[in-house]
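Worksheet: the structure to be examined is printed underneath.
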Amino acid sequence: MAVELYAGEIANWDLNDSMAKEIERALALLMGPLPSEPQKAVDDRRKLFIAIANGVINHLRDNQEAFVITYNLGGVGTDTTTPDIQVRDGI
């Protein structure tokens, strides 16, 4: 089964493996611990990450032909293909 790109959701933030959660992790690595209070501010920040992730994933899905993968056929030549980007619904 193919891996699906997933933007994320506030409702199951701690349980999901999403692009938005990875954006939050990357920001924390860059800036240090992120504020955890008040909860509304945390949720608003996470909603921003989800929106960014949705935009990136939608752009990748809608422009799959921009990615060309070339691979060696073991001395017989090369071939190319484009990926089939799978997206899990989240919003």
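The values are calculated or read from the model by the stated rules, or taken from the named source; none is laboratory data. Values in this document were obtained by computation on a predicted structure and should not be read as measured data. Methodologically, a virtual Cβ is constructed for each residue, glycine included, from the backbone with ideal geometry; neighbour enumeration extends over all protein chains shown.
Mind listing whichever residues of segment 28-42 are loosely packed, with under 12 Cβ neighbours inside 10 Å and within 19 Å of Ala7 (Cα to Cα)?
Answer for segment 28-42, where residues must be loosely packed, with under 12 Cβ neighbours inside 10 Å and within 19 Å of Ala7 (Cα to Cα): just Ala28.
Go through the residues of segment 7-21 one by one and say whether even a single one is over 15 Å from Asp89 (Cα atoms) and at pLDDT 95 or above.
Within segment 7-21 (the criterion being over 15 Å from Asp89 (Cα atoms) and at pLDDT 95 or above), the answer is yes, since at least one residue qualifies.
Here is a list: Arg88, Arg45, Arg25. Which entry is under 16 Å from Val3 (Cβ atoms) and surrounded by 10 or more Cβ atoms within 10 Å (Cβ to Cβ)?
It is Arg88.
Quick one: Thr81 ticks every box in (1) hydroxyl-bearing (Ser, Thr, Tyr); (2) in contact with a helix residue (DSSP H, G or I) (Cβ under 8 Å, 6 or more places away or on another chain); (3) in contact (Cβ under 8 Å) with a residue 12 or more places away in the chain bar one, so which box is it?
Evaluating Thr81 over (1) hydroxyl-bearing (Ser, Thr, Tyr); (2) in contact with a helix residue (DSSP H, G or I) (Cβ under 8 Å, 6 or more places away or on another chain); (3) in contact (Cβ under 8 Å) with a residue 12 or more places away in the chain leaves (2) as the failure.
Filter segment 57-75 down to the residues that are modelled with pLDDT of 80 or more and assigned to a loop (DSSP other than H, G, I, E, B) and list them by number.
Asn63, Phe67, Val68
Could you tell me whether Ala20 is in contact (Cβ under 8 Å) with a residue 12 or more places away in the chain, among the small types (Gly, Ala, Ser) and surrounded by 10 or more Cβ atoms within 10 Å (Cβ to Cβ)?
Yes, satisfied.
So Asn54 ticks every box in (1) out of contact with any Leu (no Cβ under 6 Å at 6 or more places or on another chain); (2) part of a helix (DSSP H, G or I); (3) modelled with pLDDT of 90 or more; (4) loosely packed, with under 14 Cβ neighbours inside 10 Å but one. Which box is left unticked?
Result: Asn54 passes all but (4).
Does segment 57-78 hold any residues that are touching a residue at least 40 places away in the same chain (Cβ under 8 Å) and surrounded by fewer than 10 Cβ atoms within 10 Å (Cβ to Cβ), and which are they?
Of everything in segment 57-78, nothing turns out to be touching a residue at least 40 places away in the same chain (Cβ under 8 Å) and surrounded by fewer than 10 Cβ atoms within 10 Å (Cβ to Cβ).
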